[in-house]
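*Asks:* Following this message is one structure expressed as structure tokens.
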Amino acid sequence: QVRLVESGGGLVQAGGSLRLSCAASGRTFNSYSVGWFRQAPGKEREIVAAIHWNGIITYYSDSVKGRFTISRDIAKNTVSLQMNSLKPEDTAVYYCAADRRSGSNWYLLNNAWGQGTQVAVSS
């Protein structure tokens, strides 16, 4: 079982940047694809970005393409989300998730979840 802990959330002005980190425990973490989801008040949880266990394939939602970058550090068992050009609509609780799902829907991660970290973007 993989355990995930997020960090790096906070309050930032529109146009600013934040970097979220997801620290994982578990010897098999390198075999998991990992991603970030977010949930804004009154809205459903949505995927933001994901990185395949091979470290090469990535997925981004249309709303964050070109602004967010996901990366993983195998040696440190961490996955990071660099968020640039933040907008007020990026305000949400961000969750780290991991899964060993394969196939074309590999990024629909649901096996393990972190507790979430709040990101607030002021206009």
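*Asks:* Can you find a residue in the range 33-40 that is of a type in the set (D, E, K, R) and not in a strand (DSSP E or B)?
*Replies:* no
*Asks:* Which pairs have Cβ atoms under 7 Å, sit 6 or more apart or on different chains, and link a residue in the range 34-47 that is among the acidic types (Asp, Glu) to one that is open to solvent by less than 90 Å² (accessible area, probe 1.4 Å)?
*Replies:* From residues that are among the acidic types (Asp, Glu), the pairs are Glu46/Phe37; Glu46/Arg38; Glu46/Ser61.
*Asks:* Please specify each residue of the range 81-116 satisfying the condition of being surrounded by fewer than 20 Cβ atoms within 10 Å (Cβ to Cβ) and in contact with an Asp or Glu (Cβ under 9 Å, 6 or more places away or on another chain).
*Replies:* Within the range 81-116, Trp106, Leu108, Asn110, Asn111, Ala112, Gln115, Gly116 meet the criteria.
*Asks:* Counting residues that are over 14 Å from the mean Cα position of the chain (by Cα) and closer than 17 Å to Gly10 by Cα, which strands (runs of 3 or more DSSP E) fully inside the range 54-123 reach at least 1?
*Replies:* Passing ranges, in order: 117-122.
*Asks:* Can you give me the number of residues within the range 60-93 that are out of contact with any Leu (no Cβ under 6 Å at 6 or more places or on another chain) and within 19 Å of Ser25 (Cα to Cα)?
*Replies:* Number satisfying all stated conditions: 10.
*Asks:* Can you confirm whether the range 19-41 contains a residue that is surrounded by 15 or more Cβ atoms within 10 Å (Cβ to Cβ), more than 23 Å from Arg3 (Cβ to Cβ) and among the polar types (S, T, N, Q)?
*Replies:* No: the range 19-41 contains no residue that is surrounded by 15 or more Cβ atoms within 10 Å (Cβ to Cβ), more than 23 Å from Arg3 (Cβ to Cβ) and among the polar types (S, T, N, Q).
*Asks:* Can we say Arg19 is of a type in the set (D, E, K, R) and in a strand (DSSP E or B)?
*Replies:* Working: of a type in the set (D, E, K, R): yes; in a strand (DSSP E or B): yes.
Criteria met by Arg19.
*Asks:* Of all residues in the range 42-53 being outside any strand (DSSP E or B) and touching a strand residue (DSSP E or B) at 6+ places or on another chain (Cβ under 7 Å), which is surrounded by the fewest Cβ atoms within 10 Å (Cβ to Cβ)? Show your work before the answer.
*Replies:* So the first thing to find is which residues in the range 42-53 are outside any strand (DSSP E or B), and the list is 42-45, 52-53.
If we keep only those that are touching a strand residue (DSSP E or B) at 6+ places or on another chain (Cβ under 7 Å) too, we end up with 45, 52-53.
Details: Arg45: 15, His52: 17, Trp53: 21.
Filtering first and then ranking leaves Arg45.
*Asks:* Follow-up question, since we're still on this one. Can you tell me which residue is farthest from Ala40 (Cα to Cα) among those in the range 60-80 that are charged (D, E, K, R) and either touching a residue at least 40 places away in the same chain (Cβ under 8 Å) or open to solvent by 60 Å² or more (accessible area, probe 1.4 Å) (or both)?
*Replies:* Checked the range 60-80; the qualifying residue farthest from Ala40 (Cα to Cα) is Lys76.
The values are calculated or read from the model by the stated rules, or taken from the named source; none is laboratory data. Since we're looking at a predicted model, the values are computed, not measured. Because the Cβ atoms are built from the backbone with ideal geometry, glycine has one as well, and the counts that use them run over all protein chains shown. Heavy atoms of the whole protein, side chains included, go into the accessibility calculation; ligands, DNA and RNA do not. Shrake-Rupley method; radii C 1.70, N 1.55, O 1.52, S 1.80 Å.
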